[in-house]
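The values are calculated or read from the model by the stated rules, or taken from the named source; none is laboratory data. Only a predicted model underlies this, so the values are computations on that prediction, with no experimental measurement involved. So basically every Cβ, Gly included, is an ideal-geometry build from the backbone, and we count neighbours across all protein chains shown.
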Amino acid sequence: DSGVTQTPKHLITATGQRVTLRCSPRSGDLSVYWYQQSLDQGLQFLIQYYNGEERAKGNILERFSAQQFPDLHSELNLSSLELGDSALYFCASSVQGLAATEQFFGPGTRLTVL
Amino acid sequence: AQKITQTQPGMFVQEKEAVTLDCTYDTSDQSYGLFWYKQPSSGEMIFLIYQGSYDEQNATEGRYSLNFQKARKSANLVISASQLGDSAMYFCAMREARFGNEKLTFGTGTRLTIIP
């Protein structure tokens with residue numbers, strides 16, 4: 001158990017819908033990262049938050065947004081869903097950035113868009 | 001340009017043998033970190049080992065060791081005395097030293113199958 005929790009574990013929805021994925025980082029970790037793992041794109045970085053503020057953005061679509069709350073949990077919102085958004089979405093956490101020698105991943109949320 | 005290259009899409013290894021999973025990387029930074037993760041069929045990403053670019057000794061964690069050759073820009077994972085439970089996808093990843101962007105960039109992975 002990495003200490004990073006993600007809910008829900010599985011999500012099945014239809015095209016055009018909106019979903020919210022939730023992540024709680026390990027105790028003491030201020031940085032939260034979101035990654036998408038799909039068959040055609042592999043593991044891709046989406047966005048990073050540090051202590052409530054957006055720190056870095058990757059290949060995140062405009063239909064996707066995220067935030068980190070004062071209690072440090074984070075949510076990834078995916079809207080106007082398309083079939084191609086079906087993927088495994090991971091949240092990871094670490095202590096503050098460049099000194100971190102670990103980045104622990106949650107169990108992931110498997111999103112299926114029908 | 002690909003920043004992390006894993007050239008072995010799949011490997012089959014006899015149980016109890018040692019196995020080396022290849023990883024090469026590309027960066028112009030002097031300071032960076034290299035990570036290896038294991039992803040079993042259940043899907044979770046399990047952190048295995050970390051090597052910092054300034055670390056003089058190769059990292060080891062139990063049966064895992066990282067063969068770090070900085071000049072060749074390679075960071076191969078060595079698993080000693082392989083076990084059936086080692087069957088999984090293995091990903092190499094790099095974190096470059098860009099303040100405010102500590103993301104990991106992943107390779108495409110190697111699927112390791114341990115044969116009894």
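When segment B:56-102 is filtered for residues that are away from chain A (no Cβ under 14 Å), farther than 14 Å from B:A18 by Cα, of a type in the set (K, R) and touching a strand residue (DSSP E or B) at 6+ places or on another chain (Cβ under 7 Å), only B:K73 remains.
Which one of A:L88, A:L76 is within 19 Å of B:K103 (Cα to Cα), within 7 Å of another protein chain (Cβ to nearest Cβ), among the hydrophobic types (A, V, I, L, M, F, W, C) and outside any loop (DSSP other than H, G, I, E, B)?
None of the others qualify; the one that does is A:L88.
The residues listed here are B:S82, B:S65; of these, the one that is over 23 Å from A:G42 (Cα atoms), part of a strand (DSSP E or B) and polar (S, T, N, Q) is B:S65.
Out of segment B:16-31, which residues are more than 17 Å from B:S82 (Cα to Cα), out of contact with any helix residue (DSSP H, G or I) (no Cβ under 8 Å at 6 or more places or on another chain) and surrounded by fewer than 19 Cβ atoms within 10 Å (Cβ to Cβ)?
Matches in segment B:16-31: B:T24, B:D26, B:T27, B:S28, B:D29, B:Q30.
Can you find, within segment B:85-113, the residue that is surrounded by the fewest Cβ atoms within 10 Å (Cβ to Cβ) among those that are hydrophobic (A, V, I, L, M, F, W, C) and part of a strand (DSSP E or B)? Step by step, filter segment B:85-113, then rank; the result is B:M89.
The set of residues in segment A:91-105 being closer than 12 Å to A:P25 by Cβ and either modelled with pLDDT of 95 or more or not in a loop (DSSP other than H, G, I, E, B) (or both) consists of A:C91, A:A92, A:S93, A:S94, A:F104, A:F105. All of B:E44, B:E56 fail the test of being of a type outside the set (G, A, S), part of a loop (DSSP other than H, G, I, E, B), surrounded by 13 or more Cβ atoms within 10 Å (Cβ to Cβ) and free of Cβ contacts under 8 Å to residues at least 40 places away in the same chain, apart from B:E44. A:L81 meets each of the listed conditions (1) in a loop (DSSP other than H, G, I, E, B); (2) of a type outside the set (K, R); (3) modelled with pLDDT under 95 apart from (3).
Applying the condition of being hydroxyl-bearing (S, T, Y) and modelled with pLDDT under 95 to segment A:39-73 and asking which residue is nearest to B:G107 (Cα to Cα) yields A:Y49.
Of the residues making up segment A:46-76, those that are among the hydrophobic types (A, V, I, L, M, F, W, C) and either in contact (Cβ under 8 Å) with a residue 40 or more places away in the chain or touching a strand residue (DSSP E or B) at 6+ places or on another chain (Cβ under 8 Å) (or both) are A:L46, A:I47, A:A56, A:I60, A:F64, A:A66, A:F69, A:L72, A:L76.
For A:L81, the test of being within 10 Å of chain B (Cβ to nearest Cβ) and either of a type outside the set (G, A, S) or loosely packed, with under 14 Cβ neighbours inside 10 Å (or both) is failed.
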